[in-house]
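Q: Have a look at this one before I ask anything.
The values are calculated or read from the model by the stated rules, or taken from the named source; none is laboratory data. Worth saying up front: this structure is predicted, and the values here are computed from it rather than measured. Neighbour counts run over all protein chains shown; Cβ positions are idealised from the backbone, glycine included. The area values use the complete protein model at the heavy-atom level, side chains included, leaving out ligands, DNA and RNA. Shrake-Rupley method; radii C 1.70, N 1.55, O 1.52, S 1.80 Å.
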Amino acid sequence: MKLSIIDYGAGNIKSIQFAFQRLGIKAQLTNSPEELINSDKIIFPGVGEASSAMQKLQSTGLDQLIPNLKQPVLGICLGMQLMCHKTTEGNTNALGIFDVDVIKFSNSDLKVPQVGWNAIHSLKGDLFNGISEGEFMYLVHSYYVPKYVEAIALSNYGNDYTVALQHQNFYGVQFHPEKSGRAGEQLLENFIKLKV
Amino acid sequence: MLTKRIIPCLDIKNGRTVKGVNFVDLKDAGDPVELAIHYAENLADELVFLDISATEERRKTLAKLVEDIAQHINIPFTVGGGIASVKDVELLLKHGADKVSINSAAVKKPSLITEIASQFGSQCCVVAIDAKQIDNEWKVHLVGGKQATSLNLFEWAKQVESLGAGEILFTSMNHDGTKNGFANEALAKLSSIVNIPVIASGGAGTKQHFKDTFILGQADAALAASVFHFKEIQIKDLKTYLLNSKIPVRL
């Protein structure tokens, strides 16, 4: 099993690497197209601002590579948002893997960013094996994906919204499984076990 | 529903955990990594590490400790204490910290908040504000509460929000170490004037104090040290109590 974490200078990749290390799985950090194409599973992380992260992907050609990957890919947080069609953050055209747009929380009663542990529900598919409805995951974000047909998990902040989605071999989660205690580790283990 | 966060704070000096009472005399409360693992396994929602060492090699020692912590715990953590530049922030984030908290440096150079937020994102930029109520006015203090400034707490809070802070960690110097409860009136006012999460700090003594700060103080999270370190309050018991009081928590 060869696991790669895409290293494009956007995010807390060390935490993800450590989370796999705690599970006894070695993950390499790389931005080499060849290494990525030859991996069994790929993590697409991301923290920070969307347009500058997208620029980093474009400057290395990863924006062309990622949508054409054939193995399971898991986008985390901003990684997930960049797999969508576009995001209003910095008015950024993203990778277009998920045919949905990312928008900002705008309900005036809500603190933005949402920071903390929120319950997830309407869980679908093998990524959530062994994870209960109502389990808590850790989230930090100001932009979100509304309810969407390819959602495989929802949460509620003002309204129900999408916190995980899947399109073919592409998976995305808004929360940080590497920071979500035992439940988050279960999700990472499930991703590793996914059949191609 | 988003839950209210319970955050144990570990004061670190030369790689060991200490806790100041009113920021003056210090007691040793254990090994930071061991304590961190204990808290992560016992329902703490986040951890804050505040480095108060003043040695030449403090940056290196802290970075090493941060990496050690990041390897061992599966919940988010913030590191603060003496952070003065984007370079300091980068070093800590690179070693696995999720957020940094800046305090005096932000007062001395407010643009540092914007620099951190634009380079690493607002989500990692916690601005810690220590304030003391003097003649009915909340004044921001520096150097662990020893040095008064002319800044008003609420004006400063609004400013740090507009500069790009992701969260505010407010410590009341009047309440810290007293175990008489949090500064709920000031907290409620803070929460009403800023739109970013506010973490309450200073004064936790009983479970009721946490309930009060979430309801009366409208805090998004509550931070405490000695009540947790000396096992006066177990986080699980606290959360059960809060849940019975209809306050959403992760249990």
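Q: What do you reckon, is residue B:131 assigned to a strand (DSSP E or B) and modelled with pLDDT under 95?
A: Against the criterion (assigned to a strand (DSSP E or B) and modelled with pLDDT under 95), residue B:131 does not qualify.
Q: Taking into account only those residues within the stretch A:126-149 that are of a type outside the set (A, V, I, L, M), open to solvent by less than 50 Å² (accessible area, probe 1.4 Å) and free of Cβ contacts under 8 Å to residues at least 60 places away in the same chain, which is nearest to residue B:99 (Cα to Cα)?
A: Start the filter on the stretch A:126-149 by keeping residues that are of a type outside the set (A, V, I, L, M), which leaves A:126, A:128-130, A:132-136, A:138, A:141-144, A:146-148.
Cutting the leftovers down to open to solvent by less than 50 Å² (accessible area, probe 1.4 Å) gives us A:128, A:134, A:136, A:138, A:141-144, A:146, A:148.
Going one step further and asking which of them are free of Cβ contacts under 8 Å to residues at least 60 places away in the same chain, we end up with A:134, A:136, A:138, A:142, A:144, A:146, A:148.
Details: A:134: 26, A:136: 20, A:138: 14, A:142: 16, A:144: 21, A:146: 27, A:148: 31 Å.
In this case the residue turns out to be A:138.
Q: Against the condition buried (at least 21 other Cβ atoms within 10 Å of the Cβ) and within 14 Å of chain A (Cβ to nearest Cβ), how does residue B:102 come out, does it pass?
A: On the way: buried (at least 21 other Cβ atoms within 10 Å of the Cβ): yes; within 14 Å of chain A (Cβ to nearest Cβ): no.
In short, no.
Q: Here's something else I'd like to know. Taking the conditions exactly as written (touching a strand residue (DSSP E or B) at 6+ places or on another chain (Cβ under 7 Å) and either within 14 Å of another protein chain (Cβ to nearest Cβ) or closer than 22 Å to residue B:220 by Cβ (or both)), does residue A:101 satisfy them or not? Even if it seems obvious, please write down each step before you answer.
A: Values: touching a strand residue (DSSP E or B) at 6+ places or on another chain (Cβ under 7 Å): yes; either within 14 Å of another protein chain (Cβ to nearest Cβ) or closer than 22 Å to residue B:220 by Cβ (or both): no.
No; evaluated as a whole, the condition is false for this residue.
Q: While we're on this one: Residue B:75 - would you say it is of a type in the set (A, V, I, L, M, F, W, C) and either at positive phi or part of a loop (DSSP other than H, G, I, E, B) (or both)? Working first, answer last.
A: Values: of a type in the set (A, V, I, L, M, F, W, C): yes; either at positive phi or part of a loop (DSSP other than H, G, I, E, B) (or both): yes.
Yes: the conditions hold for residue B:75.
Q: Kindly provide the set of residues from the stretch B:229-244 that are farther than 18 Å from residue A:116 by Cβ and open to solvent by less than 30 Å² (accessible area, probe 1.4 Å), ordered by number.
A: B:229, B:233
Q: Just to be sure I understand, how many residues within the stretch A:127-161 are more than 11 Å from chain B (Cβ to nearest Cβ), in contact with a helix residue (DSSP H, G or I) (Cβ under 9 Å, 6 or more places away or on another chain) and of a type in the set (A, V, I, L, M)?
A: The number of residues fulfilling the criteria is 5.
Q: Right, next: Can you find, within the stretch B:17-54, the residue that is most open to solvent (accessible area, probe 1.4 Å) among those that are modelled with pLDDT of 90 or more and among the charged types (D, E, K, R)?
A: B:41
Q: Being outside any loop (DSSP other than H, G, I, E, B) and touching a Ser or Thr at 6+ places or on another chain (Cβ under 7 Å) is the filter; apply it to the stretch B:143-184 and report the residue that is farthest from residue B:128 (Cα to Cα).
A: Among them, the one singled out is B:184.
Q: Those residues that are among the charged types (D, E, K, R) and away from chain A (no Cβ under 14 Å), I need them from the stretch B:51-84; list them, please. Reasoning before the result, please.
A: Restricting attention to the stretch B:51-84, the residues satisfying the condition of being among the charged types (D, E, K, R) are B:51, B:56-60, B:64, B:67-68.
Selection gives B:51, B:56, B:57, B:58, B:59, B:60.
Q: Right, something else. Quick check on the stretch B:111-118. Is at least one of its residues without any contact (Cβ under 8 Å) to a residue 40 or more places away in the chain and crowded, with 22+ Cβ neighbours inside 10 Å?
A: So the first thing to find is which residues in the stretch B:111-118 are without any contact (Cβ under 8 Å) to a residue 40 or more places away in the chain, and the list is B:112, B:115.
Checking the rest, the ones that are also crowded, with 22+ Cβ neighbours inside 10 Å come to B:112.
Looking through the stretch B:111-118, at least one residue is without any contact (Cβ under 8 Å) to a residue 40 or more places away in the chain and crowded, with 22+ Cβ neighbours inside 10 Å.
Q: Quick test for you: out of A:14, A:41, pick the one residue that is among the charged types (D, E, K, R), under 17 Å from the mean Cα position of the chain (by Cα) and either at pLDDT 95 or above or surrounded by 23 or more Cβ atoms within 10 Å (Cβ to Cβ) (or both). Before the answer, list the steps.
A: Working: A:14 fails: either at pLDDT 95 or above or surrounded by 23 or more Cβ atoms within 10 Å (Cβ to Cβ) (or both).
Answer to the selection: A:41.
Q: Right, next: Residues in the stretch B:99-118: is at least one over 26 Å from residue B:230 (Cα atoms) and modelled with pLDDT under 90?
A: yes
Q: Could I ask something else about it? Tally up the residues in the stretch A:155-184 that are in contact with a Lys or Arg (Cβ under 7 Å, 6 or more places away or on another chain) and open to solvent by 10 Å² or more (accessible area, probe 1.4 Å), please.
A: Just the residues of the stretch A:155-184 that are in contact with a Lys or Arg (Cβ under 7 Å, 6 or more places away or on another chain), to begin with: A:160-162, A:169.
Filter again for open to solvent by 10 Å² or more (accessible area, probe 1.4 Å), leaving A:160, A:169.
So the count comes out to 2.
Q: Separate question: Checking residue B:134 against (1) surrounded by fewer than 19 Cβ atoms within 10 Å (Cβ to Cβ); (2) away from every other protein chain (no Cβ under 14 Å); (3) in contact with a helix residue (DSSP H, G or I) (Cβ under 6 Å, 6 or more places away or on another chain), only one condition comes out false. Which one?
A: Answer for residue B:134: the failing condition is (3).
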